[in-house]
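Enquirer: Submitted below is the structure of interest, expressed as structure tokens.
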């Protein structure tokens, strides 16, 4: 009787053991964690999906939080790969960066705003609070809503560097995080001005979102002008690692930098790398 009972108990345990084995098998899959720039995140996620299909035992986890988080997490080891939509700074030269695409940053207005262009000085005066009404730059008699980026966003750093401003100089009415927040804010406010990724803005404007991109010094803010190098406010989209990448991280970066993902880069309205 005792032997029979033991067999019955063993029979009950077998399914549980099988389930546990399956769970452990799933947990054994390699995981790659990327954190950082919201500009890169959607592209990295699509690249990750394609990479997973080619590597069924791999899971790619993409998280946002800004370029500064990407750099910090890569340095501290919280992420296998950081995402930074800018060049590395001098104090970050200990890290390794790998460009996977190019992007531009452009000023956006609501599409119903009659203003067609702004000089650099007018942009500076608007963002520093010296100009507060659109009529002063050829628009309607309406208050300007200045939309600025939050600290840690590479678009903020690029904007400040180009216009030679400090963030403390800016007098914003709204502070936003990622590109979609900026576009949503301007699309919902006819008096707003903001700056976002050209690729994202061009895509959304082409799909009916009520925004428009302003030219910069007479050069249209377009993906094509980022591609040909004529647009002055552009940047690399980088993957960042603490040391020279090895193993899974190296394989992913090589894949993300290859022509195998050019269609994904273009689908996000970014510019693929030039290759001979």
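Enquirer: So, in region 102-147, exactly how many residues are in contact with a helix residue (DSSP H, G or I) (Cβ under 7 Å, 6 or more places away or on another chain) and more than 20 Å from residue 218 (Cα to Cα)?
Expert: 9
Enquirer: Additional query: Please count how many residues of region 66-79 are assigned to a loop (DSSP other than H, G, I, E, B) and either crowded, with 24+ Cβ neighbours inside 10 Å or assigned by TED's automatic domain parsing to the domain that holds residue 197 (or both).
Expert: Step one: list which residues in region 66-79 are assigned to a loop (DSSP other than H, G, I, E, B), which gives 66, 77-79.
Checking the rest, the ones that are also either crowded, with 24+ Cβ neighbours inside 10 Å or assigned by TED's automatic domain parsing to the domain that holds residue 197 (or both) come to 66, 79.
Qualifying residue count for the region: 2.
Enquirer: Within region 191-204, can you find the residues that are within 19 Å of the chain's Cα centre (by Cα), surrounded by fewer than 20 Cβ atoms within 10 Å (Cβ to Cβ) and modelled with pLDDT of 95 or more?
Expert: First, the residues of region 191-204 that are within 19 Å of the chain's Cα centre (by Cα): 194-204.
Now drop any that are not surrounded by fewer than 20 Cβ atoms within 10 Å (Cβ to Cβ), which leaves 203.
Once the filter is applied, which keeps residues that are within 19 Å of the chain's Cα centre (by Cα), surrounded by fewer than 20 Cβ atoms within 10 Å (Cβ to Cβ) and modelled with pLDDT of 95 or more, region 191-204 yields nothing.
Enquirer: In the list 14, 88, which residue meets the criterion of being closer than 29 Å to residue 219 by Cα and modelled with pLDDT under 95?
Expert: On the way: 14 fails: closer than 29 Å to residue 219 by Cα.
Being closer than 29 Å to residue 219 by Cα and modelled with pLDDT under 95 holds for just one of 14, 88, which is 88.
Enquirer: Let me ask something additional. So which of 196, 186 ends up being assigned to a strand (DSSP E or B), in the same structural domain as residue 110 (by TED's automatic domain parsing) and in contact (Cβ under 8 Å) with a residue 12 or more places away in the chain?
Expert: Working: 186 fails: assigned to a strand (DSSP E or B).
Only one candidate qualifies: 196.
Enquirer: Still on this structure, I have one more. Can residue 223 be described as closer than 17 Å to residue 39 by Cβ, assigned by TED's automatic domain parsing to the domain that holds residue 52 and crowded, with 17+ Cβ neighbours inside 10 Å?
Expert: Working: closer than 17 Å to residue 39 by Cβ: yes; assigned by TED's automatic domain parsing to the domain that holds residue 52: no; crowded, with 17+ Cβ neighbours inside 10 Å: yes.
It is false that residue 223 is closer than 17 Å to residue 39 by Cβ, assigned by TED's automatic domain parsing to the domain that holds residue 52 and crowded, with 17+ Cβ neighbours inside 10 Å.
Enquirer: Same structure again: How many of the residues in region 91-110 are within 21 Å of the chain's Cα centre (by Cα) and within 18 Å of residue 201 (Cβ to Cβ)?
Expert: Of the residues in that region, 9 qualify.
Enquirer: The conditions are (1) modelled with pLDDT under 95; (2) outside any helix (DSSP H, G or I), and residue 130 fails exactly one of them. Which is it?
Expert: Failed condition: (1).
Enquirer: For residue 240, state whether it is part of a helix (DSSP H, G or I), over 28 Å from residue 128 (Cβ atoms) and at pLDDT 90 or above.
Expert: No, not satisfied.
Enquirer: Would you be able to say whether some residue in region 154-171 is in contact with a strand residue (DSSP E or B) (Cβ under 7 Å, 6 or more places away or on another chain) and in a loop (DSSP other than H, G, I, E, B)? Outline the logic, then answer.
Expert: Filtering region 154-171 for residues in contact with a strand residue (DSSP E or B) (Cβ under 7 Å, 6 or more places away or on another chain) gives 154-156, 158-159, 170-171.
Applying the additional criterion that residues be in a loop (DSSP other than H, G, I, E, B) yields 170-171.
Within region 154-171, one or more residues are in contact with a strand residue (DSSP E or B) (Cβ under 7 Å, 6 or more places away or on another chain) and in a loop (DSSP other than H, G, I, E, B).
Enquirer: Of the residues that make up region 91-103, is at least one outside the structural domain of residue 199 (by TED's automatic domain parsing), assigned to a helix (DSSP H, G or I) and within 23 Å of residue 235 (Cβ to Cβ)?
Expert: Scanning region 91-103 turns up at least one residue that is outside the structural domain of residue 199 (by TED's automatic domain parsing), assigned to a helix (DSSP H, G or I) and within 23 Å of residue 235 (Cβ to Cβ).
Enquirer: Which condition breaks for residue 82 when tested against (1) over 30 Å from residue 209 (Cβ atoms); (2) surrounded by 13 or more Cβ atoms within 10 Å (Cβ to Cβ); (3) at pLDDT 95 or above; (4) in contact with a helix residue (DSSP H, G or I) (Cβ under 9 Å, 6 or more places away or on another chain)?
Expert: The one condition residue 82 does not meet is (1).
Enquirer: Quickly run through region 199-230 and pick out the residues that are over 22 Å from residue 98 (Cα atoms) and part of a loop (DSSP other than H, G, I, E, B).
Expert: Once the filter is applied, which keeps residues that are over 22 Å from residue 98 (Cα atoms) and part of a loop (DSSP other than H, G, I, E, B), region 199-230 yields 207, 208, 209, 210, 214, 215, 217, 218, 220, 221, 222, 230.
Enquirer: Specify the residue that is nearest to residue 82 (Cα to Cα); the eligible residues are those in region 111-165 that are more than 29 Å from the chain's Cα centre (by Cα) and free of Cβ contacts under 8 Å to residues at least 12 places away in the same chain. Don't jump to the end; show me each part of the working.
Expert: So the first thing to find is which residues in region 111-165 are more than 29 Å from the chain's Cα centre (by Cα), and the list is 114, 130-143.
Then drop every residue that is not free of Cβ contacts under 8 Å to residues at least 12 places away in the same chain, which leaves 130, 133, 135-136, 141.
Numbers: 130: 38, 133: 40, 135: 43, 136: 42, 141: 45 Å.
Going through the qualifying residues, I end up with 130.
The values are calculated or read from the model by the stated rules, or taken from the named source; none is laboratory data. What you see is a predicted model; the values in this text were computed from it and never measured. FYI the Cβ positions are ideal-geometry reconstructions off the backbone, even for glycines, and counts take in every protein chain you see.
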